[in-house]
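Structure first, then comments.
Rule-based calculations on the coordinates, nothing more; no lab input. None of the values given here were measured: they were computed from a predicted structure. Every residue, glycine as well, gets a Cβ built from its backbone with ideal geometry; the counts of neighbours run over all protein chains shown.
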């Protein structure tokens, strides 16, 4: 069996498993999984930039918030219905990613990380200063009647779960396809040795800019979907904390793997969920888990599985 066929079957199996899980787990866990699927899309977007291109960003919350507020504000103030508002969210994230990518890629290394962080902080402050429209820290609720597409009420648990799974599935298969293309392989070459890639004739800046745009648009899609499915848009989602989360999820799950972002998001979500029942210092436990994993499995769970068991793991 070829590697590409094994990869395809793995991705189909994961999607089928996630569909079946809804009918097996409790209502609490299915609600958790719906959030995880949306956030895994966010992590997949981050993985395109960090895992495949080798660019460390600390400003991805800006893209997530761009999609979230693009949808939320267009419903709240422009009176758009859910479907066109979702498109506005995607376009908002795309534009912001293109602009930030164009500006931030004038730097490299640590400077790129700092510049993306500063842009994200500027975005957060903008949301607070525009409190008349965004309601600042308080945020705003998207009413149930506004969360309907083609007659499907996305506030209902089953509709919400399968809408999240649909978004995840599309992005999951897109990433699986992308990394097998010439473009995807070029991103990996840039990550491994940018100077050699440049010597071979590849336009490094153009590939990096496209990676930022794809990464930011996926993050924005997750933000728009989160606002629509869970009915809330708030400034919290644009803070540094939400730029750190996808980095943690990708590191834990396995950077540069298609399945890693999902594994990392599931692990971290449930680790925080369970540990918060016993202590308010749950982030300390999450930090310890990350340190231990870095020491004993530096390539994350999926990277460890690839190294020890299945070398073909995408």
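Shape verdict for segment 208-264, please, from the Cα gyration tensor: rounded (a/c under 1.5), prolate (a/b greater than b/c) or oblate.
Prolate.
Please give, to one decimal in nm, the separation of the simple spin-label points placed at residue 203 and residue 312, each 7 Å out from Cα toward the Cβ.
3.6
Among 217-230, 96-109, 42-55, 160-173, how do they line up from the highest to the lowest mean number of other beta-carbon atoms within 10 Å?
Per-residue Cβ counts within 10 Å, averaged per peptide and sorted highest first, yield 217-230, 42-55, 160-173, 96-109.
Rounded to the nearest 500, what is the 222 nm mean residue ellipticity of the chain from helices alone, with -39500 (n - 2.57) per DSSP H run of 4+ residues and division by all residues? Write out the running numbers ahead of the final one.
Working: 14 runs with 226 residues, N = 314.
So the helix-based figure for the chain works out to -24000 deg cm²/dmol.
Mind ordering 20-32, 112-124, 301-313 by average Cβ neighbours within 10 Å, highest first?
Taking the mean over residues of other Cβ atoms within 10 Å, the ranking is 112-124, 301-313, 20-32.
Which FRET efficiency value, to the nearest 0.05, do you get for residue 5 and residue 232 by plugging their Cβ-Cβ distance into 1/(1 + (r/R0)^6) with R0 = 41 Å?
Details: r = 41 Å, r/R0 = 1.01.
With R0 = 41 Å, the Cβ-Cβ based efficiency is 0.50.
Using alpha carbon centroids, what distance separates segment 137-169 and segment 110-125, in Å?
30
Sorting check: for 277-288, 8-19, 255-266, which peptide has the highest mean count of neighbouring beta carbons within 10 Å, and how do the rest follow?
Most protected by this proxy first, the peptides run 255-266, 8-19, 277-288.
Shape verdict for the chain, please, from the Cα gyration tensor: rounded (a/c under 1.5), prolate (a/b greater than b/c) or oblate.
Cα axes put the chain in the rounded bin.
Using R₀ = 30 Å, calculate the FRET efficiency as 1/(1 + (r/R₀)^6) where r is the Cβ-Cβ separation of residue 188 and residue 274; round to 0.05.
Given R0 = 30 Å and the Cβ-Cβ separation, E is 0.30.
May I ask you to derive the relative contact order of segment 3-308, considering only C-alpha pairs under 8 Å and at least 6 residues apart, and to give it as an integer percent?
Taking the mean separation of contacting Cα pairs over the length of segment 3-308, I get 31 percent.
Using a/c under 1.5 as the rounded threshold, could you call segment 227-314 rounded, prolate or oblate? The axes a ≥ b ≥ c are square roots of the C-alpha gyration tensor eigenvalues, and prolate needs a/b larger than b/c, oblate otherwise.
It is oblate, given that a/c is not under 1.5 and a/b is not larger than b/c.
Rounded to whole Å and sorted largest first, list the principal axis extents of the Cα atoms in segment 160-250.
On the principal axes, segment 160-250 reaches 49, 28, 21 Å in Cα extent.
How far is it, in nm, from the label point at residue 111 to the one at residue 240 when both lie 7 Å from their Cα along the line to the Cβ?
It works out to 2.2 nm between the two label points.
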